Amino acid sequence: MQHRMKTHQLDRQQIDSLLDRAEVASLATINADGTPYVAPVHFLYQEGAVYVHGLPAGQKIDNIKANPAVCLTVCKMDGVLLDPSGNPCDTNTSYQSVILQGTASILANAETKRTILEGIAQKYTPELSGGVLPESMVKGTAVLEIRVSMITGKYYGQQKEQ
């Protein structure tokens, strides 16, 4: 384990907080030829799982159908920490990050999808949430559920947030 992981770990409460606050994550899936495919996604973290919504077809969906192993990364950069002597090689970054690995599946149950999509709407557009989602929208949207098997978080710089 690298030094910063040992000395700058986020605890579970801080990991959960970052996942609740973060707006964008990078989702990595595996292409048919074994190469990685990484896409920025909006997501909802709820009850220890991550949910991602999107179109029901495309590279991400094809990859998950072939191999459900995924990795998700979230990072919040607080700022640049300039070296007092002006050495650019000693400049650093104040940040918090979470990396999780897990298994993704495509949700089929319409009511479960609706509940997750309502949660996503509440997270990203609270001023528009609370309305009834059209049945066609729920049916036409893929919702991925990522069951987490490993999760780590670390920080550097400013005091880690609670």
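The values are calculated or read from the model by the stated rules, or taken from the named source; none is laboratory data. Keep in mind it's a predicted model, so treat the numbers as computed, not measured. Counting neighbours? That spans all protein chains shown, and the Cβs are built from the backbone with ideal geometry, glycine included.
Conditions tested, residue by residue: (1) modelled with pLDDT under 90; (2) within 16 Å of Val50 (Cβ to Cβ); (3) aliphatic (A, V, I, L, M).
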site: Met77; (1), (2), (3): yes, no, yes
site: Gly119; (1), (2), (3): no, yes, no
site: Leu133; (1), (2), (3): yes, no, yes
site: Ile146; (1), (2), (3): no, yes, yes
query = Is there a residue being hydroxyl-bearing (Ser, Thr, Tyr) and at pLDDT below 90 anywhere in region 83-91?
reply = yes
ask   = Do you know which of the residues in region 1-25 that are in a loop (DSSP other than H, G, I, E, B) and hydrophobic (A, V, I, L, M, F, W, C) is modelled with the lowest pLDDT?
value = Met1
query = Among the residues of region 118-140, which ones are under 18 Å from the mean Cα position of the chain (by Cα), in a loop (DSSP other than H, G, I, E, B) and surrounded by 10 or more Cβ atoms within 10 Å (Cβ to Cβ)?
reply = none
ask   = Does any residue of region 60-69 turn out to be surrounded by 11 or more Cβ atoms within 10 Å (Cβ to Cβ) and either assigned to a strand (DSSP E or B) or modelled with pLDDT under 95 (or both)?
value = yes
query = Does Ser149 satisfy the condition of being in a loop (DSSP other than H, G, I, E, B) and hydroxyl-bearing (Ser, Thr, Tyr)?
reply = no
task = With the condition kept exactly as written, say whether any residue in region 108-117 is in a strand (DSSP E or B) and at pLDDT 90 or above.
result = no
request  = Of the numbered conditions (1) part of a loop (DSSP other than H, G, I, E, B); (2) of a type outside the set (S, T, N, Q); (3) modelled with pLDDT under 95, Gly34 fails exactly one; give the number of that condition.
outcome  = (3)
